[in-house]
1. Can you pull out the GluC sites (Glu not before Pro) in the range 1-64 that DSSP calls coil and that have at most 15 other Cβ atoms within 10 Å?
2. Please say if the range 30-83 is rounded, prolate or oblate, where rounded means a/c under 1.5 for a ≥ b ≥ c the square roots of the C-alpha gyration tensor eigenvalues, and otherwise the choice is prolate for a/b larger than b/c and oblate otherwise?
3. Can you give the helix-only mean residue ellipticity at 222 nm for the chain, where every DSSP H stretch with n ≥ 4 adds -39500 (n - 2.57) and the sum goes over all residues, rounded to the nearest 500 deg cm²/dmol?
4. Taking N as the number of residues in the chain, what is its alpha-carbon radius of gyration divided by 2.2 N^0.38 Å?
5. At 1.002 mPa s and 20 °C, plugging the Kirkwood radius over alpha-carbon pairs of the range 105-185 into Stokes-Einstein gives what diffusion coefficient in µm²/s?
6. Rounded to the nearest 20 Debye, what is the dipole magnitude of the chain about its Cα centre when Lys and Arg each give +1 and Asp and Glu each give -1 at the C-beta?
7. If we count every other residue with Cβ under 13 angstrom of Ala16's Cβ, Lys/Arg +1 and Asp/Glu -1, where does the sum land?
8. Could you compute the longest span of the chain free of trypsin sites (Lys or Arg not before Pro) located in DSSP loops and having at most 14 other Cβ atoms within 10 Å, not counting the site residues?
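We did not get these values from a lab; they are worked out from the coordinates using the rules stated. All of these numbers come straight from a predicted model, not from anything done at the bench. With ideal geometry, Cβ positions are generated from the backbone for all residues, glycine too; neighbour counts draw on all protein chains shown.
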Amino acid sequence: MMVRAATETDIPALLALQDANLITNVSPEAQATGGFVTTPYTPDTMRRFFAAKTAFVAVDETGAVVGYAFAGAWDLYGEWAIFPFMVGRLLTLPAFHGTVITSGNSFQYGPVCVAESARGTGVPAALFAHVCAAFAPRFPMGVTFINKRNTRSLAAHQRKLDFEIIDEWDYGTESFYSLAFLTAP
């Protein structure tokens, strides 16, 4: 497996992977066992992240996309109302490892998605390492959110990637965790 920057040619594979795992397309039973992604991306949205060089794909030995991670400064996420809501909560939280999290010293990590066929093969860790390497020079920490029903994703981020829960909140009819991590050990 290899991780690289996502490009225009990856859009069909990214859309297929997203559609297979989007919360609105996954049964409640599959959500409980396989996880899901919450935020849908259009091709134009993907291109915006490509231009910012903040979208990454994991590809297998055949070159097939088996996972993706989007990340970016908070302003890249302005089209979704949930992200400004999250940013508004940051300053109300206790310091994370001695530092108050702000939109200036942190970035948004996610969504991250892994093909069912590649789960258990280290794809999230490889994507995460790539994102941290790209963002560490500018941001000492990152933040993400996970739907409380997405227990598989929560477990993976906490156990395998050492993310820490920093907040719990409700948005619309759903409940979420915010998690944070340091970009450098």
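1. Sites meeting the loop and neighbour criteria: Glu61.
2. Working: a/c = 2.47, a/b = 1.20, b/c = 2.06.
Taking the square roots of the gyration eigenvalues as a ≥ b ≥ c, the range 30-83 is oblate.
3. Details: 6 runs with 54 residues, N = 185.
For the chain, the value works out to -8000 deg cm²/dmol.
4. On the way: Rg = 15.3 Å, N = 185, 2.2 N^0.38 = 16.0 Å.
Rounded to two decimals, the normalised Rg is 0.96.
5. Values: Rh = 13.2 Å.
In µm²/s, the coefficient is 162.
6. Values: 12 positive and 16 negative charges, 66 e Å.
Taking the Cα centre of the chain as origin, the dipole is about 320 debye.
7. With Lys, Arg at +1 and Asp, Glu at -1, the neighbours total -3.
8. Numbers: sites that count: Lys53, Arg138, Lys148.
So the longest stretch without any such site is 54-137.
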